[in-house]
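Here's the structure we're looking at; comments come further down.
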Amino acid sequence: MLYPLAGLMKIRDFRVDAARKAMQAAEIRLRAAQEERLARERELERYKVWRKEEVERRYQSIMDRILNQDEIEAFKAGLSSLAEEELAREEALREADRALEEARKNAQTARDGWLLANREREKIDYHHENWQKAQAVEAGRREDLEQEEFKPLLFETGGDDHFS
C-alpha cells in the first residue's frame, strides 16, 4: 500500500534541501565577511605603521628649512589628509564588523531553519516507520484470518472416536 503522506514527505525533503542550500550560502557569506573584516583590520594596521613613518619623513623633510605661511598650511593639510585617510580606514573596519555581525546572524538563522526543517522531516519519518509497522501487523492479522478460514475440516470415519 502506498504511504498516504508520501506527498508531504517529498515537500519536507524539498524544504530540507532548500534549507541546507540556504545554510551553505549563508556560511559562504559568513566566511567572506570574516575575510573582509580581517583584510580591513590588516589594512588599517599597515596604514597606521606607514602613516607614522610618513609623518616622520615629512617632518624630517622640513627640518632646518624656513617655510612661508602657504607651505606651512600645505604641510598641515597633508598631515590632516593622512589622519582623515586613517579615519576612513577605521570606518571601513567598523563597517566590516557590522557586516560580519549581520552575516553571523544570517548564518545562525539559516542553521536554525535547517534544523527546523530536519525536525519536521524526522516527524514524518517517525510517522512513516510507525505506519509501516502497523501495516505489517495488519498484514499479519489478515494472513492469520485467511489461515483460519482455510483450516482443514476433520471428517468422522465412523464410531465415536473422531481421531482414530
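The values are calculated or read from the model by the stated rules, or taken from the named source; none is laboratory data. Worth saying up front: this structure is predicted, and the values here are computed from it rather than measured. Glycine gets a Cβ as well: all are built from the backbone with ideal geometry, and neighbour counts include every protein chain shown.
Taking the options 20, 37, 29, name whichever one is surrounded by 14 or more Cβ atoms within 10 Å (Cβ to Cβ), under 30 Å from residue 131 (Cβ atoms) and among the basic types (Lys, Arg). Answer to the selection: 20.
Looking only at region 40-82, count how many residues are among the acidic types (Asp, Glu) and either surrounded by 13 or more Cβ atoms within 10 Å (Cβ to Cβ) or in contact with a Cys (Cβ under 7 Å, 6 or more places away or on another chain) (or both). Before you say what the answer is, go through the steps one by one.
Filtering region 40-82 for residues among the acidic types (Asp, Glu) gives 41, 43, 45, 53-54, 56, 64, 70-71, 73.
Of the ones still in play, those that are also either surrounded by 13 or more Cβ atoms within 10 Å (Cβ to Cβ) or in contact with a Cys (Cβ under 7 Å, 6 or more places away or on another chain) (or both) are 41, 43, 54.
Of the residues in that region, 3 qualify.
Applying the set (1) more than 22 Å from the chain's Cα centre (by Cα); (2) in a helix (DSSP H, G or I); (3) over 30 Å from residue 12 (Cα atoms) to residue 65 leaves exactly one unmet item: (2).
Filter region 105-148 down to the residues that are of a type outside the set (Ser, Thr, Tyr), closer than 30 Å to residue 41 by Cβ and out of contact with any helix residue (DSSP H, G or I) (no Cβ under 6 Å at 6 or more places or on another chain) and list them by number. Within region 105-148, 105, 108, 112 qualify. Among the residues examined, residue 37 qualifies as assigned to a helix (DSSP H, G or I), of a type in the set (Lys, Arg) and either over 19 Å from the mean Cα position of the chain (by Cα) or under 25 Å from residue 85 (Cβ atoms) (or both). Might you check whether a residue that is at pLDDT 90 or above, surrounded by fewer than 12 Cβ atoms within 10 Å (Cβ to Cβ) and part of a helix (DSSP H, G or I) occurs anywhere in region 144-160? No - not one qualifying residue is present in region 144-160.
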